[in-house]
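> Below you'll find the structure I mean.
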Amino acid sequence: MQEAKELFKKLKIVSLLDLALITPSGYSNNTLSKELIVGEVQTFKAEVINVNVNLNGGRMHVVFNLSELNIELKSIFFKVTPYHYDKFKIGTHHYIQGKIISFRGEIQMIQPRSIQNVGGIIPKYSTAIPNHQIRELIRTYITKKNLYSEGLNRYEVSLLMKLHYPKTLEDIESLDTDILKFIEAFNHIKKLRGKKIHFPALESLNGNVEEFISNLPFKLTRDQERVISEIERDLKNRDRAVKRIVIGDVGSGKTIIILASAVMAYPHKSILMAPTSLLALQIYEEATKFLPKYMKIALIKQRDSKGDYLSADFIIGTHALLYKDDMPTAPLIMVDEQHRFGTKQRVKLEQIVAQGKRKPHFLQFSATPIPRTQAMMESELIDMSLITTTPFKKDITTEVIDRSDFNRLLKEIEAQISKNNQVLIVYPLVEESCAIAYQSIDEGRGFWERRFKNVFVTHGKDKRKEEILIEFREKGDILLATTVVEVGISLPRLTLIVIVGAERLGLATLHQLRGRVGRLGLKSWCYLFTNDKSNKRLQSFCKTLSGFEIAKLDLKFRKSGDILDGTIQSGLQFKWLDLAEDEDIVKMAKERLNNLS
Ligand code: ADP
Ligand code: MG
């Protein structure tokens with residue numbers, strides 16, 4: 001088919017299984033019926049034996065002889081055109097199809113159609129192209145032979161054949177959705193596999209990290225050790241520039257992994273890009289504290305950069321480094337909090353240092369856990385390291401509260417401040433708005449400022465945000481803010497967070513916010529302040545501290561139609577597969593593909 005390509009494009013189909021997985025929206029039953037059943041659409045072999053046209057009413061009555069049932073059937077046409085007079089002449093033979101009704105005690109068929117093909121159950125598809133075209137595509141491409149050569153087994157092939165070419169109604173009713181899930185996962189992973197392209201690396205990097213690790217004032221977690229050795233293996237390879245993403249909750253100790261990677265790159269250069277100058281500064285400070293003294297470190301920000309980046313071994317910067325026209329090349333680049341950057345910025349960083357076909361090793365770090373199943377899929381495109389443990393056992397109590405708990409909350413806040421700990425209160429808005437049933441910062445701040453000392457205020461659009469955060473870190477008691485604090489700033493004395501209007505936020509955002517407290521293992525509290533205390537999503541959020549678990553919950557609630565804010569990524573869309581539940585199926589699909597290749 002010449003135009004098949006065009007049609008595939010319209011259907012957004014890129015693989016044979018994409019086509020096979022287009023499920024019919026319904027079926028029309030064209031098998032001949034053996035008896036009359038009132039209320040059903042039925043099909044019969046029929047001969048016209050009488051025609052009666054009632055021109056006044058615009059109706060036509062036709063009587064058919066159903067030879068196989070040996071009865072006469074009356075029918076009525078309400079919409080009559082010359083086509084009908086012509087078609088249903090006395091003595092003509094038809095396969096008629098229409099709904100059987102009982103009218104004033106008389107059985108009739110209403111508005112019969114004369115159809116061409118009988119003896120089958122015909123799928124109907126609701127797609128962007130007309131039915132006859134998609135059926136033509138299915139007939140051409142969805143054959144047993146083609147399905148087997150995709151790597152499916154006979155159960156899967158037989159299921160797809162039944163889906164598109166059912167012989168009986170039972171065929172359709174008995175479809176096993178687990179098999180459909182498997183085919184969907186299999187197809188998705190297969191497509192991703194096809195997209196993976198390898199480039200040669202700029203250098204093989206094998207600097208020794210042993211000494212760096214043994215000089216650290218703490219022992220690495222097992223996850224940190226594992227990821228560092230995965231990276232060690234990656235970076236040695238000159239034939240293949242690695243693309244790896246390290247995903248771990250806030251506070252899981254990713255910075256040390258960044259520093260260890262810079263040590264492995266030495267004596268070659270490495271570059272790290274961070275989303276805010278505060279984060280860049282924090283990493284710079286940790287780098288100066290922990291990296292061996294012979295490594296030269298530079299910090300690039302829009303204002304007050306530190307060190308000479310041209311001669312530095314490890315360059316840390318914000319996106320400002322993308323606009324330096326004399327950036328030195330580096331065989332290792334890294335991006336922290338990668339989801340805060342657009343793809344373009346990440347690609348630009350890569351291009352700055354790439355040389356012809358050779359690309360830098362590229363490590364990305366993310367504090368946004370994704371469900372394990374999704375990670376299993378995405379690892380087809382990019383290598384993944386998941387960190388599920390934190391160096392400090394987190395001890396955070398999460399509680400849903402409302403107005404009636406306010407006095408108790410105040411006492412807890414006072415208690416924390418008296419222990420030299422800090423408190424963060426997150427408001428939904430800066431200014432008053434009637435659209436939201438909660439106070440804004442502007443409305444709330446008077447209360448806190450009258451009652452407490454050392455109250456600081458900042459928000460997303462605040463130009464002085466970073467200065468205020470730094471000042472708060474040293475001398476603040478209470479910080480009033482909007483969700484700006486989501487970015488991984490570290491406030492080690494923070495032990496209590498109140499999130500106002502918590503049900504308005506997605507679980508991922510709530511998790512990021514909760515991750516601000518108890519970073520160094522101090523006993524901490526997270527209060528979700530809401531007018532809807534019975535909210536199920538918030539209740540289940542209270543029960544777990546694991547980001548991976550929360551990503552899973554998030555999927556579940558999203559499916560159940562709970563309305564969330566815009567901070568959640570759109571996620572993968574599957575018709576059958578449920579990423580929250582179907583880990584085993586995804587695993588099986590991967591294994592099948594491994595065995596095939
Ligand atoms: P992340 O970037 O994953 O959110 P960080 O790298 O900022 O986390 O680490 C959080 C804190 O834990 C930092 O103060 C860091 O120095 C400390 N830290 C990291 N690894 C360990 C460890 N293995 N043992 C003790 N403290 C650690
Ligand atoms: Mg970090």
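The values are calculated or read from the model by the stated rules, or taken from the named source; none is laboratory data. What you are looking at is a predicted structure, and each value in this text was computed from that prediction instead of being measured. Cβ sites come from the backbone with ideal geometry, for glycine too, and all protein chains shown count toward neighbours. Surface areas here come from the heavy atoms of the whole protein model, side chains and all, with no ligands, DNA or RNA. Shrake-Rupley method; radii C 1.70, N 1.55, O 1.52, S 1.80 Å.
> Among the residues of region 462-469, are any assigned by TED's automatic domain parsing to the domain that holds Lys411, within 16 Å of ligand 2 (Cβ to nearest atom) and at pLDDT 90 or above?
no
> Quick check on region 371-393: of everything there that is in a loop (DSSP other than H, G, I, E, B) and crowded, with 20+ Cβ neighbours inside 10 Å, which residue is nearest to ligand 2 (Cβ to nearest atom)?
Thr390
> Just give me the residues in region 134-153 being over 21 Å from Asp584 (Cβ atoms) and either surrounded by fewer than 18 Cβ atoms within 10 Å (Cβ to Cβ) or out of contact with any helix residue (DSSP H, G or I) (no Cβ under 8 Å at 6 or more places or on another chain) (or both), in sequence order.
The answer is Arg135, Glu136, Arg139, Thr140, Tyr141, Thr143, Lys144, Lys145, Asn146, Tyr148, Ser149.
> Would you mind telling me which numbered condition in (1) surrounded by 24 or more Cβ atoms within 10 Å (Cβ to Cβ); (2) without any contact (Cβ under 8 Å) to a residue 40 or more places away in the chain; (3) more than 24 Å from Glu471 (Cα to Cα) Lys269 fails?
For Lys269, the exception is condition (2).
> I've got another one for you. Just give me the residues in region 340-370 being outside any strand (DSSP E or B) and buried (at least 23 other Cβ atoms within 10 Å of the Cβ), in sequence order.
Of everything in region 340-370, those that are outside any strand (DSSP E or B) and buried (at least 23 other Cβ atoms within 10 Å of the Cβ) turn out to be Leu349, Pro360, Ala367, Pro369, Ile370.
> Among the residues of region 274-288, are any under 20 Å from Leu349 (Cβ atoms), open to solvent by 10 Å² or more (accessible area, probe 1.4 Å), of a type outside the set (A, V, I, L, M) and more than 16 Å from ligand 2 (Cβ to nearest atom)?
Within region 274-288 (the criterion being under 20 Å from Leu349 (Cβ atoms), open to solvent by 10 Å² or more (accessible area, probe 1.4 Å), of a type outside the set (A, V, I, L, M) and more than 16 Å from ligand 2 (Cβ to nearest atom)), the answer is no, since none of the residues qualifies.
> Could you tell me whether region 486-499 includes any residue that is at pLDDT below 95, more than 14 Å from ligand 1 (Cβ to nearest atom) and either over 27 Å from the mean Cα position of the chain (by Cα) or not assigned by TED's automatic domain parsing to the domain that holds Phe365 (or both)?
No: region 486-499 contains no residue that is at pLDDT below 95, more than 14 Å from ligand 1 (Cβ to nearest atom) and either over 27 Å from the mean Cα position of the chain (by Cα) or not assigned by TED's automatic domain parsing to the domain that holds Phe365 (or both).
> If you don't mind, there's one more thing I want to ask. Answer yes if at least one residue in region 290-304 is under 30 Å from Met376 (Cα atoms), within 13 Å of ligand 1 (Cβ to nearest atom) and either touching a strand residue (DSSP E or B) at 6+ places or on another chain (Cβ under 7 Å) or of a type in the set (Phe, Trp, Tyr) (or both), and no otherwise.
No, the conditions are met nowhere in region 290-304.
> Can Leu522 be described as at pLDDT 90 or above, among the hydrophobic types (A, V, I, L, M, F, W, C) and part of a loop (DSSP other than H, G, I, E, B)?
The answer is yes for Leu522.
> So, in region 497-515, how many residues would count as being within 18 Å of Leu479 (Cβ to Cβ), away from ligand 2 (no atom under 16 Å from the Cβ) and among the small types (Gly, Ala, Ser)?
Going through region 497-515 one residue at a time, the tally reaches 2.
> Would it be correct to say that Asn117 is modelled with pLDDT under 90, within 30 Å of Ile76 (Cα to Cα) and open to solvent by 80 Å² or more (accessible area, probe 1.4 Å)?
Considered against the rule, which asks whether it is modelled with pLDDT under 90, within 30 Å of Ile76 (Cα to Cα) and open to solvent by 80 Å² or more (accessible area, probe 1.4 Å), Asn117 comes out as yes.
> I'm trying to understand the selection: among the residues of region 319-339, which are open to solvent by less than 40 Å² (accessible area, probe 1.4 Å) and within 16 Å of ligand 1 (Cβ to nearest atom)?
Within region 319-339, Met334, Val335, Asp336, Glu337, Gln338 qualify.
> Taking region 512-536, which residues are open to solvent by 20 Å² or more (accessible area, probe 1.4 Å) and under 17 Å from Pro492 (Cα atoms)?
Across region 512-536, the qualifying residues are Arg519, Leu520, Gly521, Leu522, Lys523, Trp525.
> Follow-up question, since we're still on this one. How many of the residues in region 301-339 are closer than 23 Å to Asn237 by Cβ, in a helix (DSSP H, G or I) and more than 16 Å from ligand 2 (Cβ to nearest atom)?
Qualifying residue count for the region: 0.
> Would you call Asp462 assigned to a loop (DSSP other than H, G, I, E, B) and either within 16 Å of ligand 1 (Cβ to nearest atom) or not small (Gly, Ala, Ser) (or both)?
Spelling it out, Asp462 is indeed assigned to a loop (DSSP other than H, G, I, E, B) and either within 16 Å of ligand 1 (Cβ to nearest atom) or not small (Gly, Ala, Ser) (or both).
> What is the number of the single condition among (1) modelled with pLDDT of 90 or more; (2) part of a strand (DSSP E or B) that Tyr27 does not meet?
(1)
> Shifting gears a bit: Being within 16 Å of Lys10 (Cα to Cα) and of a type in the set (A, V, I, L, M) is the filter here; which residues of region 127-144 pass it?
Ala128, Ile129, Ile134, Leu137, Ile138
> Residue check: is Ile115 touching a residue at least 40 places away in the same chain (Cβ under 8 Å), under 22 Å from Leu36 (Cα atoms) and within 53 Å of the chain's Cα centre (by Cα)?
yes
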